[in-house]
1. Show the residue pairs that are 6+ apart or on different chains and have beta-carbon atoms under 7 Å apart, the first residue being within the range 140-165 and more than 26 Å from R368 (Cβ to Cβ), the second being of a type in the set (S, T, Y) and modelled with pLDDT of 95 or more.
2. Identify all residues within the range 255-300 that are of a type in the set (S, T, Y) and more than 21 Å from G88 (Cα to Cα); write none if there are none.
3. Return yes when D316 is surrounded by 16 or more Cβ atoms within 10 Å (Cβ to Cβ) and either over 23 Å from the mean Cα position of the chain (by Cα) or in a helix (DSSP H, G or I) (or both) and no when it is not.
4. Tally up the residues in the range 351-374 that are within 10 Å of the ligand (Cβ to nearest atom), more than 14 Å from A327 (Cα to Cα) and surrounded by 16 or more Cβ atoms within 10 Å (Cβ to Cβ), please.
5. Evaluate the following for A331: is it in contact with a Phe, Trp or Tyr (Cβ under 8 Å, 6 or more places away or on another chain), over 30 Å from G235 (Cβ atoms) and more than 16 Å from the ligand (Cβ to nearest atom)?
6. Which residues, counting only those in the range 127-144, are of a type outside the set (A, V, I, L, M) and more than 7 Å from the ligand (Cβ to nearest atom)?
7. Within the range 203-240, which residues are more than 12 Å from the ligand (Cβ to nearest atom), under 23 Å from the mean Cα position of the chain (by Cα) and not aromatic (F, W, Y)?
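The values are calculated or read from the model by the stated rules, or taken from the named source; none is laboratory data. Keep in mind that what you see is a predicted model, and the values were worked out from it rather than measured. Here the Cβ is made from the backbone with ideal geometry for all residues, glycine too, and neighbour counts use every protein chain on show.
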Amino acid sequence: MSSLAVSRLAVEDSGPLPSASVTEAVAALARKELAPLAAAIDAGEVYPAELMRRLGELGAWSTHVPKDGVADLRAAIQSIGAIGEVCGATAFMAWCQNTLVWYAANSGNRKLVERLADDFATGKVLGGTGLSNPMKSFFGIEKLKLKGRKVEGGYVVRGVLPWVSNLGPDHFFGTIFEREDEPGSLVMFLADCADPSITLQPCKPFLAMDGTGTYGVQFRDVFVPDDLILADPAGPFVKKIRAGFILLQAGMALGLIKDCINIMDEVERPLGHVNRYLPQQPVHFRDLAAELEAETMALAQDPFNTEEAYWRKVIDLRLRAGDASVAAAHAAMLHCGARGYLKSHRAQRRLREAYFVAIVTPATKQLRKMLADA
Ligand SMILES: Cc1cc2nc3c(=O)[nH]c(=O)nc-3n(C[C@H](O)[C@H](O)[C@H](O)COP(=O)(O)OP(=O)(O)OC[C@H]3O[C@@H](n4cnc5c(N)ncnc54)[C@H](O)[C@@H]3O)c2cc1C
């Protein structure tokens, strides 16, 4: 059974997929226009802003916007998966954009929503999320890096975030500071990269993800007006958006695993006579992908669920998705042999991308800590 057939089965199991036509249009654009760019994005030669905007015009960033207090992340995850089947870096940028949309769409700040939510959801304005450091701080791993103090009409924020992706001079991202004037109080806001007091510093080259518009971001006493506050206090808002934040990442894993299965299938004819001695076969990853996808689709229909048992399932799924990504990319390398060891072959790109799925916040070690502490 093809991976696509597995994907349809899993979706049918948990009810009809909303916005399925969006996912199909995204998959078609990814195959036609993203595939030729994937190597250049991987090499850091291209940041595909134009393509990200076009995906937005197709509806890729808007299917998960809540309606009447109800949100369904299935089509957004499937779309990230369709992009990830072609390019892991762009799937990550898709997650960044979808997360930015998720923050704005869930904010109770009417002025912010009116000014920016639609522009994010249509891809007119691009951006991402700087929540790695806060997510780590909530679970006792590191201290908050941004500090803010109340002033007339807003806050003044200072500090440095080491990595924020899908950025450029006219982009926005959501992040959190701790109040210096009220220690322990957290505020979530949108940073406007066009602000002259914000500096985007290029990062040293990465193992992968170099075309993702990733920068170190310096805040030098940045005035953040009330209009850009996502939530004050941040705590209850973070509880609301956290499952969506994590579940959307499953799309990166599902797309990558499916392409690793494709890679293994592609070498079946010339190398199957010896590859069959390898312990992990495409059939194992088809089963694993179908299982992860079915669980993801079920959880994605209910992202505002507040039960602890639901949250634990989300963390556990995310952990297994990272492990499965690395395992599938490792198996694809072994199946390909010397073919996959060529720099021009995508098997080695998949391996590098897979490690990113496992280390992006919440990283494997953080997820294990969260499960151990729960
Ligand atoms: C390519 C790329 C893109 C990313 N994009 C985003 C994003 O869009 N938004 C976001 O919030 N996070 C982003 N991150 C951060 C990411 O989500 C993880 O937080 C990061 O990979 C480390 O997570 P960890 O839990 O393994 O922490 P660890 O690596 O164990 O620890 C992280 C801490 O170690 C220190 N540290 C690690 N490496 C260095 C270094 N080279 N120099 C100085 N200090 C260092 C820093 O204090 C850092 O906070 C990105 C990271 C990478 C590599």
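1. Within 7 Å, the pairs are L146/T175; G148/Y155; R149/Y155.
2. Listed by number, the list holds a single entry, Y277.
3. Against the criterion (surrounded by 16 or more Cβ atoms within 10 Å (Cβ to Cβ) and either over 23 Å from the mean Cα position of the chain (by Cα) or in a helix (DSSP H, G or I) (or both)), D316 does not qualify.
4. Number satisfying all stated conditions: 7.
5. yes
6. The answer is G127, P134, S137, F138, F139, G140, K143.
7. Passing the criteria: Q218, L228, I229, L230, A231, A234, G235, P236, V238, K239, K240.
Residues are listed down the side, and each one gets a yes or a no for (1) among the hydroxyl-bearing types (S, T, Y); (2) within 24 Å of the chain's Cα centre (by Cα); (3) in a helix (DSSP H, G or I):
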{"position": "Q280", "(1), (2), (3)": "no, no, no"}
{"position": "P303", "(1), (2), (3)": "no, yes, no"}
{"position": "D323", "(1), (2), (3)": "no, yes, yes"}
{"position": "A332", "(1), (2), (3)": "no, yes, yes"}
{"position": "Q348", "(1), (2), (3)": "no, yes, yes"}
{"position": "L351", "(1), (2), (3)": "no, yes, yes"}
{"position": "P362", "(1), (2), (3)": "no, yes, no"}
{"position": "R368", "(1), (2), (3)": "no, yes, yes"}
